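What follows is a single structure, written as structure tokens, with notes after it.
The values are calculated or read from the model by the stated rules, or taken from the named source; none is laboratory data. Keep in mind that this is a model prediction, so the values were computed, not measured. Please note: Cβ atoms are built from the backbone with ideal geometry, for glycine as well, and neighbour counts cover all protein chains shown.
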Amino acid sequence: MKRCIVVMMGGPSGEHEVSLASGRQVALALHGRGHDVAALVVGRDGAWSRLPVETLPALAPSVRDPGRAAVDRGQLAAGVALLVGVDAVFLAFHGRFGEDGGIQGLLQTLGVPYTGSGPLASGLAMHKSKAHELFQFHGLQVPQSVAVDRRAWQADRARVVAHVLQAVGLPLVVKPNQGGSSIGATPVARAAEVGPALEVAFGHDTLVLIEQRLQGTELTCAVLEEPDGSLTTLPVVEIKSRHDGFFDFDEKYRGADAVEIVPARIPRDVAAACQSAAKVAHRALLCEGFSRTDLFWTDRGPVVLETNTIPGLTPQSLLPRAAQAAGIPFPELMERLVELAIQRAERQAQ
């Protein structure tokens, strides 16, 4: 059935260009399936613009100033009017504003079907520290970690560094509590590097998560929802980073050095355990539609890092590659997610 679909992308976040790259690929794929597709680009200034798919330029994902502009209420109201008459919205945002539950809540209030998880799951998954607590409650292993508030850091930097070293130990990873694409994340091997790494992370968030740096095989596993509500896992992807073993932004989006192997070179029982962990994480956060869980296989078994409710959808992204390995072409996958969104909205309306 031909649908009228708007692909929302951009937004005032540090992952603006990453989102545009994902959104363009989604829009072209759905357009190629015969749907009436338009792009709704939210600018860094908060302004909304509805554009024909053909006008979207090919962009290389990049990182800019993470500063978030205040969204003008008038621009927001004008933008909402651009959603009139659409059958569904495909959310291709990454990071704050579009992946943290805010847009999801707005669309749900308006009664507009949208892809992916709802406001609660989106917010929980974005808040890495709270997600860890939920994972542990549901029996999943997570890295040893501690969260630090910017006010505590500004009050006594030396005390915070000492606390981090005592609570987590070296080596470790410092990252913004909310965000993605490894933006603002720094691997730390020496005590003298903790303070500078915290400064970088606090440039992106008011709360920073410091995690034990895991040793093992880095993996990721995507989960897809079926029309009956059951879950299917895609093949596990193995990530081999050549940049000090840390999968950073350049490796994720620019193909720099990292090797991503689909399916992962792991025994069947290890793959099954990782797929099971991804399903548990998906359900623990109340995710819907699809998700992708990042984890390590260690001598303790699977250790979960985080769950992404809107995984990257650029040509180099892991979810499309895993789906392709499972025999699901990218356009078919995007169309499937749209239909799930419309079915969910119909159930909620009943």
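Residues that are of a type outside the set (Val, Ile, Thr), buried (at least 20 other Cβ atoms within 10 Å of the Cβ) and farther than 30 Å from Trp48 by Cα: does segment 92-111 have at least one? For segment 92-111, residues of a type outside the set (Val, Ile, Thr), buried (at least 20 other Cβ atoms within 10 Å of the Cβ) and farther than 30 Å from Trp48 by Cα: absent. Looking only at segment 320-334, how many residues end up being buried (at least 20 other Cβ atoms within 10 Å of the Cβ) and either within 21 Å of Val6 (Cβ to Cβ) or touching a helix residue (DSSP H, G or I) at 6+ places or on another chain (Cβ under 8 Å) (or both)? Summing the residues that are buried (at least 20 other Cβ atoms within 10 Å of the Cβ) and either within 21 Å of Val6 (Cβ to Cβ) or touching a helix residue (DSSP H, G or I) at 6+ places or on another chain (Cβ under 8 Å) (or both) in segment 320-334 gives 5. Against the conditions (1) at pLDDT 90 or above; (2) surrounded by fewer than 19 Cβ atoms within 10 Å (Cβ to Cβ); (3) charged (D, E, K, R), Glu211 satisfies every one except (2). Of all the numbered requirements in (1) in a helix (DSSP H, G or I); (2) in contact with a Gly (Cβ under 8 Å, 6 or more places away or on another chain); (3) more than 26 Å from Val7 (Cα to Cα); (4) touching a residue at least 40 places away in the same chain (Cβ under 8 Å), Ser122 misses one, and that requirement is (3).
Go through the residues of segment 159-173 one by one and say whether even a single one is outside the structural domain of Leu305 (by TED's automatic domain parsing), in contact with a strand residue (DSSP E or B) (Cβ under 9 Å, 6 or more places away or on another chain), surrounded by 21 or more Cβ atoms within 10 Å (Cβ to Cβ) and not hydrophobic (A, V, I, L, M, F, W, C). No, segment 159-173 has no match at all.
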